[in-house]
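Student: Please read through the structure below; I'll follow up with questions.
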Amino acid sequence: MPTLTRRQFAALTASTIPFSALARPARAQVAGNGGPLKIGLIVPLSGPLARFGGFASHGAELAVKQINAAGGVNGAPIELMRGDSQGTPVEAVSAARRVISDDKVQVILGDIASSATIALQPVVEDAHVILLNAASSNPDITYKAGVGGYKWSFRSYPTDELRAKVILQFGAEQKHFTRYAVLSVDSDFGRGAIAFSKKYLPQFHGEILSEDYYKDDETDFRPVLSHIKSLNVQGILSYGLPDATRLIVRQILELGLAGKVTLLGSGEFTYPDTIKVSPAVLNGAVEAAAWAPDLDNPRSLQFVADYRTAYGTKEVPNVHSYTHWEAVYLLAAAAKAAGGTEGSALRSALEAIDYDGATGKIRFDSHHQAELPMFIYEVEGGKSVEKGAFIAKVEYPA
């Protein structure tokens, strides 16, 4: 699997289009098709995933404001309608149907939860409305999109399959780990990531010695961690929620496991607010991310600055802030290429798009999956250090 150093990645993305150029207005090229681009943002605004939905909402809102301030798309504004999915399939479908029928949106942008996004796919297929997913990582979303069946579904976010593979590769090649425990959230995300870890573990001569999953509201991880301590594992594969990660870190410290076991996966291990809980526990922690605030790219750094100006310097954007911000710009570029907002034209424009984003060029494959890198970050000396961009393609089932 090819790996890019920070310098190589910066050189690769040096041709990124200027920040303002993406929002430059253009005249509508299709008669009667020059109205506003209406986007229905379906994310959890309440419930246990509301924190992520808030970040996504801020990112999308910022992009809309920037594009509209520069003249809109094809001379018309972008309109953003929000729907609260609560992170559940039932509420996501209800919210999507409302914005499709009442607001006449041409695009659904969502969801955070993979189970909700999967539930949205047949809804948008029936309505002939585009679904652009910028956050869910379950590979089934992509397997079933494009040539897989759902022709109106697209994803501009890496999959759990890729994330799991690069984490295990890094653990094997850089840390020489072979013995793992699992402590992940009991959701499609947490279980899906571990399922793919099991698929690739034999390639890296690894084994899982214990496997545990936690509910969203769990707070006591001591019994599981005590069992893990007895197994003498090298790494804990953990794909979960930031609040739970911080509790796990505190309890690892309490049980005397600091420096004896390493967290690997995805749970904001490498974010400053998490590291400060216990640098001793998190030293060496490894996370694979689609994006991070310190990504060395001018467009990304400008986004972070603009985001903090808009929402306060204390709110550091997370990955969902960025991916939803970039997704709105991607949709604006597609509408510009299509010359309007008609659904089939937008879909064709997305299928053919060649878009320069902060993390690399976005092109969709035959399953409507964007081929994007994953970035490995490791905690060293109490700080997050980028270890490179890992490039791989989805391996579709036969």
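Student: Which helices (runs of 4 or more DSSP H) does segment 287-398 wholly contain that include 2 or more residues that are within 22 Å of ASP160 (Cβ to Cβ)?
Tutor: Qualifying helices (runs of 4 or more DSSP H): 319-338.
Student: Name the one entry in SER226, SER197 that is buried (at least 19 other Cβ atoms within 10 Å of the Cβ), in a helix (DSSP H, G or I) and not aliphatic (A, V, I, L, M).
Tutor: SER197
Student: Quick check on my filter: what residues within segment 145-183 are part of a loop (DSSP other than H, G, I, E, B) and over 24 Å from TYR355 (Cβ atoms)?
Tutor: Selection gives GLY149, LYS175, HIS176, PHE177, THR178.
Student: Can you tell me which condition ASP294 does not meet? The list is (1) closer than 25 Å to LEU41 by Cβ; (2) under 19 Å from the mean Cα position of the chain (by Cα); (3) among the acidic types (Asp, Glu), and all the others hold.
Tutor: Going through (1) closer than 25 Å to LEU41 by Cβ; (2) under 19 Å from the mean Cα position of the chain (by Cα); (3) among the acidic types (Asp, Glu) one by one, ASP294 breaks only (1).
Student: Within segment 258-286, take every residue that is part of a loop (DSSP other than H, G, I, E, B) and surrounded by 19 or more Cβ atoms within 10 Å (Cβ to Cβ) and give me the one that is farthest from the chain's Cα centre (by Cα).
Tutor: So, considering only residues that are part of a loop (DSSP other than H, G, I, E, B) and surrounded by 19 or more Cβ atoms within 10 Å (Cβ to Cβ), the one farthest from the chain's Cα centre (by Cα) is VAL261.
Throughout, read-outs are computed from the coordinates displayed, never taken from laboratory work. Model, not experiment: these values are computed from the prediction. Glycine gets a Cβ as well: all are built from the backbone with ideal geometry, and neighbour counts include every protein chain shown.
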